[in-house]
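Following: one structure in structure tokens, then a few remarks.
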Amino acid sequence: MWRRSKHACLRATQFAKLLFSPHLADSSYLHISTGLHLPALLSADVQSTCDAGESTGIRIVSGVYMNWKRPLNQQFWKHWQRGLATSPGATKVFRDPRFAKLEESDVQHFQEIVGDKGVIVDSSELEVANTDWMNKYHGQSQLLLRPQTTQQVAEILKFCNSRCLAVVPQGGNTGLVGGSVPVFDEIILNLGAMKSILSFDEVSGILVCEAGCILENLDTFVGTKGFTMPLDLGAKGSCQIGGNVSTNAGGLRLLRYGSLHGNVLGLEVVLANGTVVDMLGTLRKDNTGYDLKQLFIGGEGTLGVVTKVSILTPPKLASTNVAFLACEDYESCQNALKEAKKQLGEILSAFEFIDRPALDMALCHLEGTRDPLPSKHNFYLLVETTGSNEAHDKEKLDAFLEAGMELGYFVDGTVAQDSTQAGSFWEIREGISEALVKAGAVYKYDLSVPIKSFYRIVEDLRAQLGNAAVVVAYGHLGDGNVHLNVSAPKYDEQLLAKIEPFVYEWTAACKGSVSAEHGLGFMKPHALHYSKSEEAIHLMEGFKKLLDPKGILNPYKVLPACAATSTCFVSV
Ligand code: FAD
Ligand code: MLT
Ligand code: ZN
């Protein structure tokens with residue numbers, strides 16, 4: 001599929017010339033993020049080469065997929081290798097030379113702002129902070145800062161902005177798209193030391209806290225007051241509320257409580273230039289103009305650093321039931337969802353999907369897990385209810401199970417007899433991500449698709465890959481969010497070329513989203529256009545320019561233009 005845009009760029013033309021010049025050397029496989037420069041690359045020459053169908057050489061990832069044989073220019077190749085970020089399966093970019101390199105005097109200045117304790121240069125601590133949860137993305141930052149107050153965050157950013165030092169905001173570093181780690185030498189700004197609970201209203205359930213609070217700790221705290229957090233995810237023991245807000249995390253309870261765009265009532269945010277923006281309201285209703293906080297919910301640290309959060313928490317309900325059900329075909333899973341909505345109504349709190357290969361992945365790699373059912377089936381559903389009246393909830397659940405069995409939607413199933421057994425069902429579902437990391441390399445796709453297409457993409461990708469890799473699927477069926485994962489012994493460009501853009505084109509064709517809940521991070525800026533129009537991307541770029549004119553906040557992430565700025569090619 002060829003796409004053209006109005007934004008052409010001279011430098012890209014130079015780049016294209018160089019690429020095709022006659023001083024030729026290597027013909028290795030490259031993966032180039034071209035962002036807005038792409039159109040200029042689509043010269044007649046390039047296009048006809050591609051149209052002629054010559055075989056592999058270069059892949060240009062910004063809405064186009066190109067293969068050709070033509071070898072690359074030696075000078076280009078050298079330049080390329082010097083400044084290239086090389087995360088497997090990700091867009092590869094040059095370090096933006098506009099960003100200053102860290103100097104000793106900068107470190108001294110940061111010591112004055114946050115004290116010795118807040119300045120980390122120890123290599124083992126840096127290695128952890130430079131590496132993402134999947135061990136897939138690796139940065140080379142030489143400095144980790146741990147501010148304790150909003151004022152310190154503001155002073156850090158003001159200084160970084162004046163020096164043009166790039167910064168990666170980091171929470172619990174559990175993100176799954178490479179957004180939380182540096183691409184090159186960006187300074188890591190970790191919010192973990194800002195972990196105070198500031199207030200809790202026991203009537204409304206409104207919690208105000210600092211961004212570095214760990215989600216599970218918040219859930220425990222509000223639990224003592226009879227409330228629960230409106231979101232829950234497998235990473236709850238490490239992820240921070242600031243990270244949850246910045247990724248607009250969905251998770252296991254979205255079906256019941258809705259997204260953070262509704263539950264977050266207010267934010268305090270520090271902009272790239274150090275300006276503190278107080279939007280920390282605690283009101284359910286506030287129509288005084290534009291709802292600016294929404295820009296930072298899901299902003300992935302590219303527009304500002306979230307320092308405080310005000311969030312609405314629902315009451316913790318006394319009665320919980322968890323059922324683990326088996327279905328033989330996907331049609332039955334869909335029917336079961338319809339039936340659950342009808343029969344369980346307001347007490348339905350989760351409706352999760354696991355296919356057999358995903359269950360096998362968990363059983364094989366997670367110690368202590370066992371198949372909850374005696375025989376194997378193709379699909380599983382984890383259905384949870386939470387309500388305030390045990391007898392009433394039980395009655396509803398029984399009616400749902402009976403109807404589902406009678407109609408042939410489930411062929412087997414079990415209801416947890418106590419919280420330990422319920423926990424063991426959840427361990428399987430929540431542990432699949434970890435199992436996949438243990439199994440080797442994993443290509444993760446987090447898609448929103450119409451529920452009827454939820455499993456078709458899995459089958460089509462299996463057909464596309466054949467025996468090259470194992471495709472496993474799980475996800476939040478109730479929300480139409482499929483987690484499509486490809487597991488292989490190691491990362492491999494040829495395998496990736498079979499997966500992308502296939503998965504993204506498939507998703508776009510059914511008007512889905514290429515990122516339902518994990519965000520775009522470093523993995524997917526080049527895929528943004530599959531889910532957003534050119535005009536919408538242009539507006540996003542406008543917000544980025546307005547709020548962070550020097551582009552110091554989380555560069556190379558989210559926006560294709562940031563993944564490949566014009567300066568990327570400046571010295572070619
Ligand atoms: P990080 O990973 O540190 O950062 C994520 C992004 O937010 C980065 O771009 C970072 O720059 C930015 N950021 C972090 N803190 C701030 C801040 N204070 N201000 C500005 N920007 C900031 N996600 C879901 O949506 N649903 C799930 O069900 C789910 N399950 C998961 C299960 C597991 C086992 C794992 C490992 C991850 C899961 N995730 C899930 C991914 C998810 O995005 C995160 O776990 C979580 O929301 C990220 O929070 P964090 O504090 O770890 O942020
Ligand atoms: C989940 O629902 O388990 C998460 O979003 C993590 C993943 O996709 O692996
Ligand atoms: Zn998920």
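Just so you know, all these numbers are worked out from the coordinates, no wet-lab data involved. Since the structure is predicted, the reported quantities are computational estimates derived from the model, not experimental observations. As a convention, Cβ positions derive from the backbone with ideal geometry for all residues, glycine included, and neighbour counts pool all protein chains shown.
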Rounded to 0.05, the calculated FRET efficiency for the beta carbons of PHE502 and GLU328 at R₀ = 30 Å is 0.65
In whole Hz, the Karplus estimates of ³J(HN,Hα) for segment 258-275 (6.51, -1.76, 1.60; θ = phi - 60°; x where Gly or Pro) are x, 8, 5, 4, x, 7, 7, 9, x, 9, 10, 9, 9, 7, 4, 8, x, 5
Just for the Cα atoms in segment 344-459, what are the lengths along the principal axes, largest first, rounded to whole Å? 46, 34, 27
Roughly what would the spin-label model give for GLU427 and ALA463, points 7 Å off Cα along C-beta, in nm? 3.9
FRET efficiency for THR420 and SER105 from the Cβ-Cβ distance with R0 = 56 Å, rounded to 0.05, comes out at 0.50
Protection proxy (average C-beta count within 10 Å per residue), highest first, orders 259-266, 388-395, 320-327 as 320-327, 259-266, 388-395
Principal axis box of segment 178-318, alpha-carbon based, largest edge first, Å: 49, 36, 27
Quickly work out the ASN273-to-SER319 label distance, labels modelled 7 Å from Cα along the C-beta direction, and quote it in nm with one decimal. 5.7
Out-of-range pairs (alpha-carbon distance over 30 Å; input LYS452/LYS544; LYS293/LYS338; LYS225/LYS557; LYS396/LYS438; LYS444/LYS511): LYS452/LYS544; LYS293/LYS338; LYS225/LYS557; LYS396/LYS438
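What is the percent of Cα-Cα separations in segment 442-572 that go past 25 Å?
Roughly 33 percent, rounded to a whole number.
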Order the peptides 378-384, 144-150, 242-248, 462-468 from the highest to the lowest mean number of other Cβ atoms within 10 Å of their residues. 242-248, 378-384, 144-150, 462-468
Non-local amide H neighbours of MET279 (under 5 Å, H modeled in plane, Pro and chain starts lacking H): which ones? LEU267, GLU268, VAL269
Mind ranking 554-560, 353-359 by how tightly packed they are, going by the mean number of other C-beta atoms within 10 angstrom, highest first? 554-560, 353-359
For segment 97-236, what mean projected area does the convex hull of the alpha carbons give, in nm²? 9.5
So what are the three principal axis dimensions of segment 94-140 from its Cα atoms, in whole Å, longest to shortest? 34, 28, 14
Distance between segment 138-207 and segment 221-294 - C-alpha centres, whole angstrom: 16
Could I have the simple spin-label model distance between HIS261 and VAL121, label points 7 Å from Cα toward Cβ, reported in nm to one decimal? 4.4
Say R0 is 30 Å: what FRET efficiency, to the nearest 0.05, do CYS164 and ASN135 get from their beta-carbon distance? 0.50
3J(HN,Hα) from dihedral phi, segment 310-326, Karplus parametrisation 6.51/-1.76/1.60, rounded to Hz, x for glycine, proline: 10, 9, 8, 10, x, x, 7, 9, 6, 10, 10, 10, 10, 10, 10, 10, 10
Cα-based Rg of segment 312-381 per 2.2 N^0.38 Å, rounded to two decimals? 1.30
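Under the 0.36 nm per residue contour assumption, what length would be gained going from the current alpha-carbon distance of GLU402 and ASP360 to full extension?
Values: separation 42, 0.36 × 42 = 15.12 nm, distance 2.75 nm.
Stretched out fully, the GLU402 to ASP360 stretch lengthens by 12.4 nm.
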Please check which bits of segment 354-368 a label hung off GLU216 would reach, taking the label as a point 7 Å along Cα-to-C-beta and the cut-off as backbone N under 19 Å. 366-368
